[in-house]
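The values are calculated or read from the model by the stated rules, or taken from the named source; none is laboratory data. Quick caveat: nothing in here was measured; it's all calculated off a predicted structure. Heads up, the Cβs are rebuilt from the backbone with ideal geometry, glycines too, and the neighbour counts pull from every protein chain shown.
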Amino acid sequence: MDKNFIFKIIEKLKKKGCDQSDVFLTKNFSISSSRRLGKLEKNEQSESYDLGIRAIVGKKQSIISSNNVNLKNIESLISNLYERVLVVPDNPNCGLLESTKVSSFDKKKFDSLDLYDSKYPNINELAEKAKILEDSALKNPLITNSEGAEVSWSRSNFFLGASNGMYQEFKKTNSSYILAVLASKDFSMERDYDYRSSVYLNDLGDLAKIGTETANRAVSKLNSRKIKTCKTSVIFDAKVAPSLISNLSSAANSRIISRGTSFLKDKLNKTIFGKKINIIDNPMIKRQTKSKIVDSEGNECSNKKLIENGTLKFFFNSLEYARQLNQKASGHASRSPSSLPYPSPTNLYLEKGDISKEKLIKELNNGLLITELMGSSINYSNGDYSRGANGFWIENGEITYPVSEITIAGNLIDMYANLTPANDLEFKFGINSPSCLIEKMTVAGI
């Protein structure tokens, strides 16, 4: 599979009667090993192709996908796609990027991001890492059960071409682990987990230490208490704080902005955070899973501040929504073989503050440290926020006891305006954040 394969399909679509088209092909290989309670559960290996073809005729567009890439099947896909695209409703904003605006794919620049681990692990290596991860957690005598540990590694080759001349060809690797264990004592039982993904397998961290810390967190939740309903300050631990930035990203997505259903729809270039707050979308960070040099429509990617000194500076968009909102393309189009381009951040993170989480806790008289969030009731139209939570009660600047079965509620507009970041930022996911203090939220208990 190569460039010729992609453009042969595009040529067939043109002959069929398509005005514009693009083809996205991925070749995937993955291995994983999981174990539970000290025993190997399964080793898995898979290899697959995923092919997506988009056709545009006039102001109509449609997409078709398959994991069968033989020529006979492709001919059938093209025929089915063309018949389909003729009957879908018009979309006045669909269409490829003008050929003169397509950014060339600079392989040297892409390679400088270091997104490919050329050292291929074998299944035994992953099995050993899963063993280290779970065994270190099971050493804690209060860990009485395990949902298991799994370590995975994958390699993907991407081929993306379009009738406007755009062509991207690159490869990436991804590694990840997940661990979940249960602690129990007397009549109390609690669960904790950890998860991380990285480009390089060796960047997952010290798995023995991670297993031990996961077990310790589960144990620390034992004999939790319920608290009375109150209004208090809340610290979101770095483990859960990225969800606040994810909520912002969703609200700043031009898909819902275009429908008028986001509380940020009238907030562009307005202050919504404190003056010291910066939230950055940086596609150029080395060894980060969301890094890229060009988006899925051929727009150049660049370092941008979503929030600059507290002010909202742009909305994440793709060409379709940029046209609809009469905005410049932001370089955030993403896609899979089975999807049309959609807006999505790259490496989005809240810039760290200048105070430690420990100092935030110490300076808090009474309050709540949130370490786990469950469920979600977020109204993006007005920003109303409500989530189930577990954590720890803070009294006189010290963590005193675990709390559970609570609901925290507020409004994202007020929460963002009263947010203070700590300095414990780590890059573990596509969206990252340090721990954050939110002044005054409603905590529903008993």
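Can you tell me how many residues in segment 401-443 are of a type outside the set (Ser, Thr, Tyr) and either modelled with pLDDT under 95 or not in a strand (DSSP E or B) (or both)? Explain how you work it out, then say what you get.
Taking segment 401-443 as the starting set, the residues that turn out to be of a type outside the set (Ser, Thr, Tyr) are 402-403, 405-406, 408-415, 417-419, 421-432, 434, 436-441, 443.
Still in the list and also either modelled with pLDDT under 95 or not in a strand (DSSP E or B) (or both): 405, 412-415, 417-418, 422-430, 434, 439-440.
Count: 19.
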From Glu213, Glu128, Glu134, grab the single residue that is in a helix (DSSP H, G or I) and buried (at least 19 other Cβ atoms within 10 Å of the Cβ).
-> Glu134
Please enumerate the residues belonging to segment 325-351 that are surrounded by fewer than 18 Cβ atoms within 10 Å (Cβ to Cβ) and touching a Pro at 6+ places or on another chain (Cβ under 9 Å).
-> Glu351
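Results for (1) modelled with pLDDT under 95; (2) outside any loop (DSSP other than H, G, I, E, B); (3) on the phi > 0 side of the Ramachandran plot; (4) not hydroxyl-bearing (Ser, Thr, Tyr), shown as yes or no for each residue.
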| position | (1), (2), (3), (4) |
| --- | --- |
| Ser291 | no, no, no, no |
| Gly298 | no, no, yes, yes |
| Ser302 | no, no, no, no |
| Lys305 | no, yes, no, yes |
| Phe314 | no, no, no, yes |
| Ala322 | no, yes, no, yes |
| Gly331 | no, no, yes, yes |
| Ser339 | no, no, no, no |
| Gly353 | no, no, no, yes |
Out of all the residues in segment 28-49, is one or more farther than 30 Å from Val181 by Cβ, among the β-branched types (Val, Ile, Thr) and modelled with pLDDT of 95 or more?
-> no
Considering only residues of segment 17-41 that are in contact with a helix residue (DSSP H, G or I) (Cβ under 7 Å, 6 or more places away or on another chain) and of a type in the set (A, V, I, L, M), which is nearest to Tyr116 (Cα to Cα)?
-> Ile31
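So which of Ser243, Ser249, Ser233, Ser296 is closer than 17 Å to Gly383 by Cα, buried (at least 18 other Cβ atoms within 10 Å of the Cβ) and of a type in the set (Ser, Thr, Tyr)?
Values: Ser243 fails: buried (at least 18 other Cβ atoms within 10 Å of the Cβ); Ser233 fails: closer than 17 Å to Gly383 by Cα; Ser296 fails: closer than 17 Å to Gly383 by Cα.
Matching residue, one of Ser243, Ser249, Ser233, Ser296: Ser249.
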Report whether or not Lys42 is among the basic types (Lys, Arg), more than 21 Å from Ser156 (Cα to Cα) and touching a residue at least 12 places away in the same chain (Cβ under 8 Å).
-> no
List the number of the failed condition for Gly397; all other conditions in (1) modelled with pLDDT of 95 or more; (2) in contact with an Asp or Glu (Cβ under 7 Å, 6 or more places away or on another chain) hold.
-> (1)
What strands (runs of 3 or more DSSP E), lying completely within segment 11-72, carry at least 2 residues that are more than 27 Å from the chain's Cα centre (by Cα), among the β-branched types (Val, Ile, Thr) and surrounded by 15 or more Cβ atoms within 10 Å (Cβ to Cβ)?
-> 39-57
Got at least one residue in segment 259-269 being out of contact with any Leu (no Cβ under 6 Å at 6 or more places or on another chain), touching a residue at least 40 places away in the same chain (Cβ under 8 Å) and assigned to a strand (DSSP E or B)?
-> no
